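Working notes, structure below.
The values are calculated or read from the model by the stated rules, or taken from the named source; none is laboratory data. On a predicted model such as this, the values are computed, not experimentally measured, just so you know. With ideal geometry, Cβ positions are generated from the backbone for all residues, glycine too; neighbour counts draw on all protein chains shown. Surface accessibility is based on the protein's heavy atoms, side chains included, excluding ligands, DNA and RNA. Shrake-Rupley method; radii C 1.70, N 1.55, O 1.52, S 1.80 Å.
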Amino acid sequence: MMNQTYSQDLPVECLTERGYVQPPSERRELAFDFCVIRRCVVSRAWNRCALIMVAALTAATALAATGTASATSAGSRTSAAGRDVTVMTFNIHHGADPDDVLNLDHVTQAVRQSGADVIGLQEVDRHFASRSDFVDQAEWLANRLGLHLAYGTNLDLDPEKPGDPRRRYGTAVLSRFPIVNTRNTLLPRSETGEQRGLLEADLMIRGKKMRFLNTHLEDTSQAERRTQVAAINAIVNGSRLPTVLVGDLNATPDSDEIASVTKRLTDTWPTAGKGDGFTYDSVNPRERIDYVFASSGVGARRARVLDVTVSDHRPLRVELTIR
């Protein structure tokens with residue numbers, strides 16, 4: 001306050017000697033010091049001026065140091081925040097609860113309350129059937145949540161009525177961050193197996209790219225899951241970005257399929273979660289079949305299964321740091 005008072009009293013010629021006609025606040029202290037020295041030389045009141053100069057220089061130095069420390073601290077916080085992202089995987093059972101009652105609003109509420117930045121959804125209908133009122137669920141959720149959308153079509157059927165939209169079923173990625181590239185790869189299946197896929201979405205997270213993969217593997221055949229995992233591993237091996245794989249793998253942690261995935265990626269639950277991590281079913285959880293895996297460029301800080309029963313699966317939420 002003392003420096004500001006003196007600066008306000010200084011003549012314009014003092015401020016203009018360093019070229020500061022209307023100096024910013026941090027420059028006023030320098031102008032003040034210069035002008036005080038000039039006044040002391042003129043007045044020769046050395047003792048009094050010496051005290052003033054010491055006080056002024058000390059205050060100015062402290063102010064500069066405080067400003068630098070504050071800027072450094074703020075920069076560190078920004079940098080740390082820039083590396084953090086919360087992801088979630090959630091099989092929404094086409095918006096139906098365990099009693100098979102359709103209520104997409106409940107799914108919206110669960111996703112919103114999770115606070116996740118990026119969400120991988122499985123069993124998502126787009127004009128698919130009467131079970132979901134022929135709603136485009138992916139677009140519906142993205143619009144209400146205000147999130148970017150990528151969709152992977154695994155089943156693509158003709159409409160029931162000519163002129164209606166095609167009937168699609170698959171997976172979706174919802175993201176707070178821009179989606180800069182997407183691709184859906186159809187995974188191997190038997191003649192009787194349901195078509196499954198791997199949805200890839202490259203996200204731009206505060207200037208950093210991350211590859212987010214979302215899948216839903218076959219539930220009736222371990223042999224099919226093995227071939228599907230092999231196809232996924234080939235895609236993961238080709239990634240040069242920090243990579244996260246989420247989804248309903250329909251396999252427990254002790255299975256060959258999960259062992260194959262974890263040769264290349266880390267299962268985040270054992271390191272960041274507590275308890276059994278069961279996600280299925282939602283009313284009486286007894287199996288861990290929903291996962292978040294991370295590459296070597298991504299660390300898991302906290303993992304939690306949410307106590308939500310709006311689907312037959314519970315969502316898995318994981319806080320990650322991109323290194």
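You can think of it this way: the chain between R112 and Q195 has 26.9 nm of extra reach, that is 0.36 nm per residue less the Cα-Cα gap. Computed from Cα atoms alone, the Kirkwood hydrodynamic radius reported for segment 245-295 is 11.2 Å. Our estimate of slack between D105 and N181, defined as 0.36 nm per intervening residue step minus the Cα-Cα distance, is 24.5 nm. Computed over protein heavy atoms with a 1.4 Å probe, the carbon and sulfur contribution to the accessible area of segment 205-293 reaches 46%.
Put simply, the amide H of R301, placed in the peptide plane, has neighbours under 5 Å in E319, L320, T321, leaving out anything fewer than 5 places away on its chain.
Taking all protein chains in place and a 1.4 Å probe, what share, in percent, of the accessible surface of segment 77-201 do carbon and sulfur account for? C and S atoms contribute 44 percent here. For segment 226-265, the share of alpha carbon pairs falling in successive 10 Å distance bins from zero is 27, 62, 12 percent. Extents of segment 231-323, largest first, come to 39, 26, 20 Å (Cα atoms, principal axes, whole angstrom). Averaged per residue, segment 166-323 has 43 square angstrom of accessible surface, using a 1.4 angstrom probe with ligands and nucleic acids left out. If the cut-off is a Cα-Cα distance under 27 Å, which lysines reach K274, setting aside same-chain residues fewer than 8 apart in sequence? Cα-Cα hits under 27 Å: K263. Between N143 and R240, what FRET efficiency follows from the Cβ-Cβ distance if R0 is 35 Å, with the result rounded to 0.05? The calculated FRET efficiency here is 0.60. Residues R183, R314 ordered from highest to lowest accessible area at a 1.4 Å probe: R183, R314. Distance from the Cα centre of segment 230-249 to that of segment 268-323, in angstrom? Between the Cα centre of segment 230-249 and that of segment 268-323, the gap is 17 Å.
If R0 is 25 Å, the Cβ-Cβ spacing of S130 and D156 corresponds to a FRET efficiency of close to 0.90. Here the alpha carbons of segment 171-284 define both size measures, Rg and Dmax, at 14.7, 44 Å.
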